[in-house]
1. Report, by residue number, each residue of segment 288-318 that is of a type in the set (S, T, Y) and in a helix (DSSP H, G or I).
2. How many residues are modelled with pLDDT under 90, more than 15 Å from L102 (Cα to Cα), among the polar types (S, T, N, Q) and surrounded by 15 or more Cβ atoms within 10 Å (Cβ to Cβ) when one looks only at segment 122-169?
3. Could you check segment 100-156 for strands (runs of 3 or more DSSP E) lying wholly inside it with 3 or more residues that are free of Cβ contacts under 8 Å to residues at least 24 places away in the same chain?
4. Any chance segment 267-287 includes a residue that's touching a Leu at 6+ places or on another chain (Cβ under 8 Å), aromatic (F, W, Y) and not in a helix (DSSP H, G or I)?
5. Across segment 187-212, which residue is modelled with the highest pLDDT among those that are outside any helix (DSSP H, G or I), under 24 Å from the mean Cα position of the chain (by Cα) and surrounded by 14 or more Cβ atoms within 10 Å (Cβ to Cβ)?
6. Mind counting the residues in segment 353-380 that are assigned to a loop (DSSP other than H, G, I, E, B) and buried (at least 24 other Cβ atoms within 10 Å of the Cβ)?
7. I'd like to verify a number: residues in segment 270-282 that are among the small types (G, A, S) and surrounded by fewer than 21 Cβ atoms within 10 Å (Cβ to Cβ), how many?
Amino acid sequence: MNERTAKSTQRQLKKTKLTKTGFDFGFLFTVILLLALGLLMVFSASYPYAYYYFEDGLYFIKKQLLWAAIGTGAMIFTANYPYQKYKKLAFPILIVTGILLLAVLAVGINLNGAKRWLGVGGFTFQPSEVAKLGLVIYFAASLAQIKDKIKKFNYLIRYFLVMGVFMGLLLLEPHFSVCLIIGLTLVIMLLVSGAKMSHFCLLGVPFGVLGAAVAIMEPYRLKRLTTFLDPFADPLGSGWQIIQSLYAIGSGGLFGVGFGNSRQKFMYISEPQNDFIFSIICEELGLIGALAILTLFAVLFWRGMKIAVSAPDSFGSLLVTGIIALIGVQVVLNIAVVTSSIPTTGIPLPFFSAGGSSLVFIMAAMGIILNVSKYKKQTI
C-alpha cells in the first residue's frame with residue numbers, strides 16, 4: 001500500500017459524531033442572575049405606578065413572576081430539545097410567523113393607535129416577539145445550507161427581500177423599534193456568515209433612504225427626532241420623558257439612592273417598569289450598580305460567543321450568534337434611548353423590562369443556546 005492510498009484510507013476511517021456533554025453552567029448562572037435582578041427591579045420600579053392605577057402595588061411583579069415561571073419552563077424545554085431539529089422546522093416557523101403578523105393586522109388588539117397584540121380570552125402576546133426568534137432560526141438554517149453562496153450578490157438580495165417583507169408587516173402595525181432590532185440582528189448574521197461588505201454598501205443606500213423616509217413620514221416619529229435634538233425645547237411635553245430619565249440617571253450618582261428609594265418612579269417617568277427601567281436602575285443602584293448589570297450582560301455575550309465558536313456545526317454557530325446579537329442589539333439600543341443618545345423609541349431591556357411575551361421568548365432563546373452548548377463534535 002503506497003503512502004497516498006494509506007492517507008486516503010485513514011481519512012475514510014475518520015468520522016465525526018456529535019456527543020453530549022454538560023450545559024455551559026457559566027452561561028446558565030448568568031441568565032438566572034439577570035432574571036432574578038430583573039424581577040427585583042420590576043418590583044421596585046413598578047410599585048408606585050401599580051398602586052396608583054390598579055390599587056395594588058404588586059400588580060406588575062405578580063404578572064412578571066408568572067411570566068418568569070412560564071419562561072423558565074420554556075427554557076427547560078428548549079434546553080433539552082435537540083437544536084438540530086430547528087433546521088427542518090425553520091421554514092414552517094417562518095410561515096407561521098408571517099401568518100401571525102398578518103393576523104395581528106386583521107384582528108389584533110388596537111391600543112394607542114397600534115395593533116401589536118393578539119388576544120385569546122385574558123391572554124395576550126405580541127407576534128413581533130415570535131418574529132424576532134423565528135427570523136433568527138430561519139436565517140441560521142438557510143445560511144448554514146447555502147454556505148459560501150452568500151458572497152454572491154443575487155443570494156444576498158433574497159435575504160434582503162425576506163427582511164423587507166417581514167419588516168413591512170411590522171411597520172403596518174406600526175412597530176418601528178422591532179424593525180430596527182430585527183434589521184440590525186439579521187445584518188450581523190449575514191456579515192458573520194460571509195456576505196461581502198461591498199454588496200451591503202450597494203443595498204444599504206436604498207434601504208437607508210427608505211428607513212429615513214419611514215422615520216420622518218409619521219408626525220410622531222418626526223416629533224421624536226426633533227425632541228432628541230433639543231428635549232428642553234418642550235420640557236413639559238414631548239421632552240418630559242427623556243428629561244426625567246436623565247434626572248434619574250444623574251441623581252443616582254456613584255452608589256445610588258438605595259434600592260426602592262427612586263423618586264422619578266413616582267409618576268415622573270411614565271411606566272418606569274418598561275422601556276425606561278434602566279433609568280430607575282441608575283437612580284437606585286448608581287453608577288456602580290449599573291456597571292455591574294452591564295458587566296453581567298457582557299459575560300452573557302462572552303459566554304454566548306464562546307458557545308457559538310465551539311458549536312459543532314455552522315447552523316448551531318449561526319443560531320447562537322443570531323440570538324446573542326438579538327439580545328445585544330436590544331441592550332445597546334435601550335441604553336442609548338434612556339441616555340438620550342438616540343431618539344426615543346420603545347425598546348425593552350432584556351430580562352428587566354416588564355412584559356410577558358418578551359421574557360418568555362428570551363428565556364426560550366436562552367434554552368436554545370444552552371442546548372447548543374452541550375453538543376461537541378468528536379472525531380472517531
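The values are calculated or read from the model by the stated rules, or taken from the named source; none is laboratory data. Everything numeric here is computed off the predicted structure, so don't read it as measured data. Heads up, the Cβs are rebuilt from the backbone with ideal geometry, glycines too, and the neighbour counts pull from every protein chain shown.
1. Initially, segment 288-318 is screened for residues of a type in the set (S, T, Y), giving 295, 310, 314, 317.
Across segment 288-318, the qualifying residues are T295, S314, S317.
2. Here the count works out to 1.
3. Numbers: elements: 109-111, 114-120, 123-125.
Once the strands (runs of 3 or more DSSP E) in segment 100-156 are filtered for at least 3 residues that are free of Cβ contacts under 8 Å to residues at least 24 places away in the same chain, what remains is 109-111, 114-120.
4. There is no residue in segment 267-287 that is touching a Leu at 6+ places or on another chain (Cβ under 8 Å), aromatic (F, W, Y) and not in a helix (DSSP H, G or I).
5. Step one: list which residues in segment 187-212 are outside any helix (DSSP H, G or I), which gives 193-196.
Filter again for under 24 Å from the mean Cα position of the chain (by Cα), leaving 193-195.
Subset that is surrounded by 14 or more Cβ atoms within 10 Å (Cβ to Cβ): 193, 195.
Details: S193: 91, A195: 85.
Per the stated criteria, the residue is S193.
6. 2
7. Step one: of segment 270-282, the residues among the small types (G, A, S) are 270, 279.
Pick out the ones that are also surrounded by fewer than 21 Cβ atoms within 10 Å (Cβ to Cβ) and you get 270.
Selection size over segment 270-282: 1.
Results for (1) at positive phi; (2) surrounded by fewer than 23 Cβ atoms within 10 Å (Cβ to Cβ), shown as yes or no for each residue.
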{"residue": "G258", "(1), (2)": "yes, yes"}
{"residue": "Y268", "(1), (2)": "no, yes"}
{"residue": "E284", "(1), (2)": "no, no"}
{"residue": "A292", "(1), (2)": "no, yes"}
{"residue": "W302", "(1), (2)": "no, yes"}
{"residue": "L318", "(1), (2)": "no, no"}
